[in-house]
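A.B. asks: Input: one structure, supplied below.
The values are calculated or read from the model by the stated rules, or taken from the named source; none is laboratory data. Keep in mind the model is a prediction, meaning the values are calculated, not measured. Here the Cβ positions follow ideal geometry from the backbone for every residue, glycine too, while neighbour counts run over all protein chains shown. Heavy atoms of the whole protein, side chains included, go into the accessibility calculation; ligands, DNA and RNA do not. Shrake-Rupley method; radii C 1.70, N 1.55, O 1.52, S 1.80 Å.
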2 protein chains.
Amino acid sequence: MAKPYKIELGEREMPTRWYNVLPDLPEPLPPVLHPATGKPVTPDDLAPLFPMALIEQEVSQERWIDIPEEVQEVYRLWRPTPLFRAERLEKALDTPAKIYYKYEGVSPAGSHKPNTAVAQAYYNKKEGVKRLATETGAGQWGSALALGGNFFGLECKVYMVKVSYYQKPYRRVLMETWGAKVIPSPSEDTEAGRQVLKEDPECPGSLGIAISEAVEDAMKRDDTKYSLGSVLNHVLLHQTVVGLEAKKQLEIAGDYPDIIVGCIGGGSNFAGLFLPFIKDKFEGTKKDLRVVCVEPEACPTLTRGPYAYDYGDEAGLTPLLKMYTLGHTFVPPPIHAGGLRYHGMAPIICHLYRLREIEVVARHQRAVFEAAVQFAKAEGYIPAPEPSHAVRVVIEEALKCRETRESKVILLALSGHGHFDLAAYDAYLTGKLEDYELPKEKIEEALKHLPKVE
Amino acid sequence: MAKPYKIELGEREMPTRWYNVLPDLPEPLPPVLHPATGKPVTPDDLAPLFPMALIEQEVSQERWIDIPEEVQEVYRLWRPTPLFRAERLEKALDTPAKIYYKYEGVSPAGSHKPNTAVAQAYYNKKEGVKRLATETGAGQWGSALALGGNFFGLECKVYMVKVSYYQKPYRRVLMETWGAKVIPSPSEDTEAGRQVLKEDPECPGSLGIAISEAVEDAMKRDDTKYSLGSVLNHVLLHQTVVGLEAKKQLEIAGDYPDIIVGCIGGGSNFAGLFLPFIKDKFEGTKKDLRVVCVEPEACPTLTRGPYAYDYGDEAGLTPLLKMYTLGHTFVPPPIHAGGLRYHGMAPIICHLYRLREIEVVARHQRAVFEAAVQFAKAEGYIPAPEPSHAVRVVIEEALKCRETRESKVILLALSGHGHFDLAAYDAYLTGKLEDYELPKEKIEEALKHLPKVE
C-alpha cells in the first residue's frame, strides 16, 4: 500500500458546526465603535449593513454554531477539501519535518472564500434580502460572493478596483459568468465614487474606496445588504470549517501540528485553519503549539503598524475596529498578492497577537515566489501568491528542522490555486519581480490620519 | 443526511490497472502504416519515438495492464477524482433525467491530461530517456507533460504554436514553472521549423507544424523521445483510469448510464471515460448504452471527414493512421476550444464509429458557451470550452427527457476547468463570439492532400 499522500474525509465527516472562538478567548475583544459617536455599536447600528443572523454571530458567545443544512449542501460541492502530506517537498528539502497542507483550491472559485460567501448569501436570503453589494480587489472575494449569491438567487453588485478591472479581467469574467454585475470603482453609481472622480477622473481606485462605495450602496437601498469577505468575526467563524476538517484529517494521520503557518491579509483564511487548533492551546493541552502568521513586507500591518482603532474603509463609513493598522488611507505598493494588500486586520488575529498567543513575520515577494516555484515543482500544485507567503516560512521552518534534526509537524494553509496568477509567476521567472522596501515615512504619514478615539 | 451530490472514492479504491479495449474490440483495428513504405509499422520503426513499454501497450492484447506503483503515487495527488450528481442542473432544466459528471479539473494542471503525461514520463524514465519533446497548442498538453516530466526528473522541451505562445501566455508560464523549456513554433531549432520560417517568417504556426518539430527533435537526439497527448492507443489506455473510477462511483450511487456524453478532439478524455463502460456493451450486458461524442462544427472530423489513412502531422513525418480526417493540411478556424482543433482522431474512436458502436454530433461554439454558462450557474464549476461541447448535448438530452418523461441516467465527461479560458467566456458574454460555418470547398481542398495508400 502506498503512503497516504492525501488524507480525505467522506462527505459524512464534514463538520456540521462552525467553531466560535469568542467564548474561549483568554480576554474579551475590545468593542467595535460607532464611527460617528465613538460609542460601542449596537445591533441596530449594524442592521442596515448585515442581516441579523450575522450580527448575532459577530458577538455570539456560543462555542458551536450549526451550519445550516442548505449551506452544507453547497459546501459538499467541494468539501471536505483534501489534506496533503507534502512528502515530495520534504524529500526535496531533505528535512525530517513532516509537512501537511490543507488545500482550498478545489472550490469552484479556486480559493477558501466561498466558505463564507455561501453562508452569508444564505443568511441574507433567509431574511428577505434581494441584493448584495460588495467590493473586490483582484476579484477573489467578488467571485466567491457571485458564486454564493447565485446559489441562493441573490442579485450581486461588485465594486471592483478600477485598475484590476481593466488589467486583470479574468476574475471579473468569472463573476459575470455567475451572474454578478461588476463595475469599476470609483464609479458614478455612488456619492463616494462621484466625489473621488470629481477630484481625480483618472483615479485607479483602491480597496478602501471600493468598500466605501459598496457600504453606501447597501445603506441607501432597503433591498440590499453589504457583504465583507474577511476581517469580521462572523467571516472567520465560517472559515473554521477548514480547520475543523484539518484536525480530523490529522487525527487520521496520527499527527498534531507543532507549527501552523498561514498568510494574513484580512485574516480569515488562516484564522479558519488555526482557530480550532488554538482552542487546545487555550485549554492547556497543547501549550507549545506555534501559530505563525505571514504578511507581506510591502503591507506589514502587524509587524510595523500600531494597535489602534481605525476604519475598515478609506472614506470612514465603517465602524471602528481595534486592530493593528497602517492607517485607512495607506495605499500598499502593487505586490502580486492582491489579497494581502489591506491596511487593517481581523480583530481576533490582532487580539491574539497582542496577547502573544500567535507570532507574525513579514516576507518580501521575491523570496515568496522562489518558495512558490519550489513548492510547485515538488508537489505539482501551483499556489496562489497569497499562501505562497506561508509556503516560504514553512520551507524556512523545515530547513531549521534539518539543522536541528527535529521531525516537527508543520501544517500549511494553502488557501487557493495560482491559475489566475500566472502573470505574477511569469514576472518572477523572468526576473522582473520587484521587492518594495517600505520607507518608515510612508507609514508615519498614513498613520497621521488615524481617527481620534477617547 | 443530505443527498450525495458528490460521490468520492477512497485512495484505496483507486484503480490499480488500466483497461485495454484492444482485445475486446468487435473487429481488430486497421494496422498503422510506415509513412515511407506504406507497410505496417514494426516496433523497431517506432523505437526512435517512444520507449518500448509504450510501443508494447500500443498493440497489447492484454485486457488489464497494471498501473506502476510509481505512477499510482503521483495519481494519488488528485485521484480518485469526484463524480458529481448535477441535481441543481436537473432542477434548473426541470428534467426527470439523472445527470452525473466526472470531473477531472482537480488535477494540478486543471485537466485530464496528466493521467497519461505522468505514465509516459514514468516509462521513458525507466528506459533511460533523459529528455522529452512534444508540441502544444494552447498549452493544455504541454503543461501536463511538464508536470509529468518534472515528477520523474526528465527535461522537457515543448514546441508551442506561436500564436498561442504570444496570445495565451498563461499555460506557457505553467510549463515554465514546472521547469519545461517552451519555444514558439515554427522555430529555428529544427529543420522543419526553419523550412517554414524561410517560406514565411511571419507564420503563426499550427499544431501540425509543432508536431513535426517535436518528432524531428526526438528522432535526432539519442537522449530524447517524443510524447503525444492524445490519439494513440496507449494514451487512451492511460485515461481509462477515469472511466474505471466513474464506474465504481456509479455503482455506489446505484446507477448505470443510459447515455455517456463527451467531447472529442484527439479522443483521449472521452475514450478514457467511456471505454470501461462500452466493454459491457460488447459483452452484451448493456446493449442499449448510447455513447455520444461531440465535436465542433468548425472542426467536424467525424461528421464531415472521410475514413482514410492520414498523417498525424503537417509535414508527414508520423506513421499513417486509419482515421476520420479533414486532411493533415487542414487548418481549423480559431474557435476557443483549442483542444478540439485537430484534423484527425484516435483510431479507436474512429473504428468504433465506423462500426456504429458510438454516435457523433457536432455543435457550434455559441450554443456550446450558452450551455457552459447554464452549467456554471447551476453547478458552480466553470467548464473548459472543450467539455462544454458535451455539456451542450447533455442539456439537449435532458430536455428531451423532460418531453418524454423518462428519467434516463446521463454521464458527462467534464475533462477540465475553464479558469484559463475566461477570455472565451468574456467573448461569449459580450456577444463577440462567432460561429464558423465551414464551407464544403475548404474541406474538399484539404482532402486533396491525403496521402495515397494502396
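A.B. asks: How far is helix B:365-379 tilted, in degrees, relative to the longest principal axis of the Cα atoms in chain B, given as a value from 0 to 90 rounded to the nearest 10?
C.D. replies: 50 degrees
A.B. asks: Quick one: dipole size for chain B, taken about the Cα centre, charges +1 on Lys/Arg Cβ and -1 on Asp/Glu Cβ, in debye to the nearest 20.
C.D. replies: Roughly 880 debye for chain B.
A.B. asks: For the pairs A:K400/B:K126; A:K248/A:K287; A:K39/A:K281, flag any whose C-alpha to C-alpha distance is greater than 25 Å.
C.D. replies: Table pairs above 25 Å Cα-Cα are A:K400/B:K126; A:K39/A:K281.
A.B. asks: Still on this structure, please answer the following. Restrict the search to the range A:259-345; then list the GluC sites (Glu not before Pro) that DSSP places in a loop and that have at most 14 other Cβ atoms within 10 Å of their Cβ.
C.D. replies: Listed in order of number, the matching sites are A:E283.
A.B. asks: Evaluate the charge dipole of the range B:243-397 about its Cα centre and quote only its size in Debye, nearest 20, assuming +1 on the Cβ of each Lys and Arg and -1 on the Cβ of each Asp and Glu.
C.D. replies: With Lys and Arg at +1 and Asp and Glu at -1, about 200 debye.
A.B. asks: Can you give me the accessible area per residue for the range A:180-223, using a 1.4 Å probe, in Å²?
C.D. replies: With all protein chains present, the range A:180-223 gives 49 Å² per residue.
A.B. asks: Can you pull out the trypsin sites (Lys or Arg not before Pro) in the range B:265-346 that DSSP calls coil and that have at most 14 other Cβ atoms within 10 Å?
C.D. replies: Sites meeting the loop and neighbour criteria: B:K287.
A.B. asks: Quick one: with label points 7 Å out along Cα→Cβ, list the inter-copy distances for B:P68 in nm, shortest first?
C.D. replies: Result, one decimal in nm: 5.2.
A.B. asks: Continuing with the same structure: Say R0 is 56 Å: what FRET efficiency, to the nearest 0.05, do A:H449 and B:R17 get from their beta-carbon distance?
C.D. replies: 0.25
A.B. asks: What is the angle, in °, between the Cα long axis of helix B:140-151 and the longest principal axis of the Cα atoms in chain B? Nearest 10 is fine, range 0 to 90.
C.D. replies: Result, in degrees: 80.
A.B. asks: Starting from the Cα gyration tensor of chain B, take the square roots of the eigenvalues, sort them a ≥ b ≥ c, and report rounded, prolate or oblate (rounded when a/c is under 1.5, otherwise prolate if a/b is larger than b/c, else oblate).
C.D. replies: Cα axes put chain B in the rounded bin.
A.B. asks: Continuing with the same structure: Sum -39500 (n - 2.57) across every DSSP H segment of at least 4 residues in the protein assembly as shown, then divide by the residue count to get the 222 nm mean residue ellipticity, nearest 500.
C.D. replies: -12500 deg cm²/dmol
A.B. asks: Can you tell me the relative contact order of chain A? Whole percent, Cα pairs under 8 Å, sequence separation 6 or more.
C.D. replies: Result for chain A is 19 percent.
A.B. asks: Further question: Output the relative contact order of the range B:2-67, whole-number percent, from Cα pairs under 8 angstrom with separation of 6+ residues.
C.D. replies: Relative contact order for the range B:2-67 comes out at 46 percent.
A.B. asks: Please give the total accessible area that chains A and B bury against each other, computed with a 1.4 Å probe and expressed in Å² to the nearest 100.
C.D. replies: In total, chains A and B hide about 4500 Å² from solvent.
A.B. asks: Right, here's the next one. Roughly how far apart, in whole Å, are the Cα centres of the range B:147-177 and the range A:169-236?
C.D. replies: 37 Å
A.B. asks: In the full protein assembly as shown, how much of B:L302 is accessible to a 1.4 Å probe, in Å² to the nearest 10?
C.D. replies: 10 Å²
A.B. asks: State, to one decimal in nm, how far the label point of A:T37 lies from the label point of A:S407, with both points 7 Å from Cα in the Cβ direction.
C.D. replies: Those two pseudo-labels are separated by 6.0 nm.
A.B. asks: What accessible surface, in Å², does a 1.4 Å probe find on B:H419, ignoring ligands, DNA and RNA and rounding to the nearest 10?
C.D. replies: Near enough 10 Å² of accessible area.
A.B. asks: Probe of 1.4 angstrom, ligands and nucleic acids ignored: what's the accessible area per residue over the range B:68-167, in square angstrom?
C.D. replies: Averaged over the residues of the range B:68-167, the accessible area is 24 Å².
A.B. asks: Okay, next question. When the dipole is taken about the Cα centre of the protein assembly as shown, and only Lys, Arg (+1) and Asp, Glu (-1) are charged at their Cβ, what size is it in debye, to the nearest 20?
C.D. replies: Approximately 880 debye in magnitude.
A.B. asks: Suppose the chain between A:K198 and A:L399 were pulled fully straight at 0.36 nm per residue; how much longer would it get relative to their current alpha carbon spacing?
C.D. replies: 67.0 nm
A.B. asks: Could you grab the relative contact order for the range A:62-191? Cα pairs under 8 Å, six or more apart, rounded to a whole percent.
C.D. replies: 18 percent
A.B. asks: Turning to a different aspect of this structure: Heavy atoms only, probe 1.4 Å: what % of the accessible area of the range A:2-149 goes to carbon and sulfur, would you let me know?
C.D. replies: Percent of accessible area from carbon and sulfur atoms in the range A:2-149: 51.
A.B. asks: Angle, helix A:233-253 long axis vs. longest principal axis of chain A, Cα atoms, 0 to 90°, nearest 10?
C.D. replies: 10 degrees
A.B. asks: Which GluC sites (Glu not before Pro) in the range B:359-423 pass both tests, a DSSP loop state and at most 14 other beta-carbon atoms within 10 Å?
C.D. replies: Sparse-neighbourhood loop GluC sites (Glu not before Pro): B:E406.
A.B. asks: Further question on the same structure: So which residues in the range B:423-442 end up with at least 20 square angstrom less accessible surface once the other protein chains are there, compared with the chain by itself, probe 1.4 angstrom?
C.D. replies: Residues meeting the cut-off: B:A423, B:D426, B:L429.
A.B. asks: Leaving ligands, DNA and RNA out of it, report the carbon-plus-sulfur percent of the accessible area of the range B:253-321 at a 1.4 Å probe.
C.D. replies: Carbon with sulfur: 44 percent of the solvent-accessible area.
A.B. asks: Buried by at least 30 Å² relative to the chain on its own: which residues of the range A:39-87 qualify, computing accessible area with a 1.4 Å probe on protein heavy atoms?
C.D. replies: A:E73, A:R76, A:L77
A.B. asks: Of the options B:P51, B:L33, B:T16, report the single residue whose Cα projects farthest towards the positive end of the charge dipole of the range B:1-52 (beta-carbon charges: Lys, Arg +1; Asp, Glu -1).
C.D. replies: The listed residue farthest towards the positive side: B:T16.
A.B. asks: I'd like the FRET efficiency for A:D288 and A:D435, computed as 1/(1 + (r/R0)^6) with the beta carbon distance as r and R0 of 35 Å, rounded to 0.05.
C.D. replies: 0.60
A.B. asks: Distance in nm between label sites at B:E69 and B:D255, each 7 Å beyond Cα in the beta-carbon direction?
C.D. replies: Inter-label distance under the simple model: 3.8 nm.
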